[in-house]
Amino acid sequence: MAGPGGDMQWCFSQVKGAIDDDVAEADIISTVEFNHTGELLATGDKGGRVVIFQQEIENKNQPQFRSEYNVYSTFQSHEPEFDYLKSLEIEEKINKIRWLPQKNAAQFLLSTNDKTIKLWKISERDKRPEGYNLKEEDGRYKDSNTITSLRVPVLIPMDLMVEASPRRVFANAHTYHINSISVNSDNETYLSADDLRINLWHLEITDRSFNIVDIKPANMEELTEVITAAEFHPHQCNTFVYSSSKGTIRLCDMRISALCDKHSKLFEEPEDPSNRSFFSEIISSISDVKFSHNGRYMMTRDYLSVKIWDLNMESRPVETYQVHEYLRSKLCSLYENDCIFDKFECCWNGNDSVVMTGSYNNFFRMFDRSQRRDVTLEASRENSKPMQVLKPRKVCAGGKRKKDEISVDSLDFNKKILHTAWHPQDNIIAVATTNNLYIFQDKVN
């Protein structure tokens, strides 16, 4: 990837998770998210757990090892439940994690499974009180007749303890599965989206939410599309977007009406008739939408491509990047093994100049917007020596295969990178393979 000083090289930094080939379903990573400073990195998994890693303080003697992330806190966010009214099991899998901007010593994050959103407080304790008047140090209460003098309790240092406590539980507002949560720039409200509805919540109020989008038809047989992702604008608290399974993105303004069923803008690219096929509608479904940090652009990910849209131009994207165009001829077999329904996410780097998304065979792709260059890299334990530079990979779609290329027929579709995250300030990326979290950083010369 081209950086300010020529080509940027990416190095292996760390890998987290078990090495075993047989992966427990509960250990599969389902979301990855840096906090607003990049000091903390959270992952959620199918077992309902949240693991938070903390960036170690930079070692002045070894500046190349600046981004060691170590486990900071692990807690069980969601448990499996059963909906007795509908006879449905509710999975504990964490669908999304979103950090709230830090306001005091504690950190707060929202985590959600299919039905319930929880607000967690992550706080540190490194002191404990000692010298109680009414109870012993082991917690037993004293006989009040034996107390002859009063003393002032003191706080004494202890080993650092990180506590995660649920502060709010936002439940019973979604009939369908929650696919997105997004914190508003006012830091007081957030939205949650399921297949057919988007709700607006206040972070302090758990017993009610406002329905701001409802695309459910009166007759469910007339249903033609579902909501796939939704996000608030990073600076305008009245604006949000949501994407659909038909490949459209709608931008809504909450100032216009309380129910935003009528969008302000509709972003849609006309389909190329030459590419029309049985799979066109499936592969045009948008799996992720993300605003750029500056709020001018948004990025969408469909099955084969990443598109960058200027919010001022609805007719077509300003940039389109092919992620794995070589799979277009394989759509039939990808449909049969259900891979065509995989939901890949995408992310921006800190200054919006590079975008990243995942692919199959544990490959992930980066696209440099200014240089119009792209690279394919691989997250693999074979390249996991500290500071080992990642070699760009190439896929041969057909014809004669060169020495370093991998044939499209030998790609492993069980190994896929759906979730990636980019540090908000540094060139540090987190990439989730099935049950492992890889951390890479740019090479420091």
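The values are calculated or read from the model by the stated rules, or taken from the named source; none is laboratory data. These numbers were taken from a predicted model, which means no experiment stands behind them. Cβ coordinates were reconstructed from backbone atoms using ideal geometry, including for glycine residues, and neighbour counts include every protein chain displayed. Just the protein is used for accessible areas: all its heavy atoms, side chains included, with ligands, DNA and RNA removed. Shrake-Rupley method; radii C 1.70, N 1.55, O 1.52, S 1.80 Å.
A few comments on the model shown:
- Subset of Lys16/Lys416; Lys307/Lys330; Lys216/Lys307; Lys394/Lys416 violating a 19 Å alpha-carbon distance limit: Lys307/Lys330; Lys216/Lys307
- Unpaired Cys in the chain, meaning no second Cys C-beta under 4.7 Å: Cys11, Cys237, Cys332, Cys339, Cys346, Cys347, Cys396.
- The charge dipole of segment 209-287, taken about its Cα centre with unit charges on the Cβ of Lys, Arg, Asp and Glu (plus for the first two, minus for the last two), comes to roughly 260 debye.
- Overall Cα dimensions of segment 286-340 - principal axes, largest extent first, Å: 39, 16, 15
- Listed residues Leu203, Thr239, Ile227: farthest to the positive end of the dipole of segment 131-250 (Cβ charges): Leu203
- Apportionment of accessible area to carbon and sulfur, segment 194-271, percent (1.4 Å): 50
- Where segment 189-257 is the region considered: accessible area per residue in Å², 1.4 Å probe: 43
- Net charge of the neighbourhood of Cys396, taken over other residues with C-beta under 12 Å away and scored Lys/Arg +1, Asp/Glu -1, is +3.
- For the chain, with +1 on Lys and Arg beta carbons and -1 on Asp and Glu, the positive-most of Ala193, Asn351, Gln322 along the dipole: Asn351
- Cβ-derived FRET efficiency at R0 22 Å, Gln102 paired with Tyr176, nearest 0.05: 0.10
- Summed residue charge, Cβ within 13 Å of Ser280's Cβ, Lys/Arg positive, Asp/Glu negative: -2
- Taking all protein chains together, Leu266, Leu110 sort by accessible area into Leu266, Leu110, largest first [probe 1.4 Å].
- Note on segment 289-405: Cα-only Rg and Dmax are 15.7, 47 Å.
- Net charge over other residues, Cβ less than 13 angstrom from the Cβ of Arg125 (K, R count +1; D, E count -1): -1
- Dipole magnitude of segment 103-257, debye to nearest 20 (Cβ charges: Lys/Arg +1, Asp/Glu -1, about Cα centre): 360
- Here the chain is assigned +1 on the Cβ of each Lys and Arg and -1 on the Cβ of each Asp and Glu. Its dipole about the Cα centre then comes out at about 1000 debye.
- If the chain linking Gln54 and Ser384 were pulled fully straight, counting 0.36 nm for each residue of separation and taking away their Cα-Cα distance, it would gain 116.8 nm.
- A simple rule links phi to the HN-Hα coupling: the Karplus curve 6.51 cos²θ - 1.76 cosθ + 1.60 with θ = phi - 60°, which for segment 154-164 gives 10, 9, 10, x, 9, 4, 4, 10, 9, 10, 10 Hz, with x for Gly and Pro.
- Gaussian network model of the chain, springs between alpha carbon atoms under 10 Å - residue of Val354, Val318, Val15 with greatest fluctuation: Val318
- The accessible-area ordering, largest first, of the residues Ser264, Ser192, Ser144 stands as Ser144, Ser264, Ser192, per a 1.4 angstrom probe.
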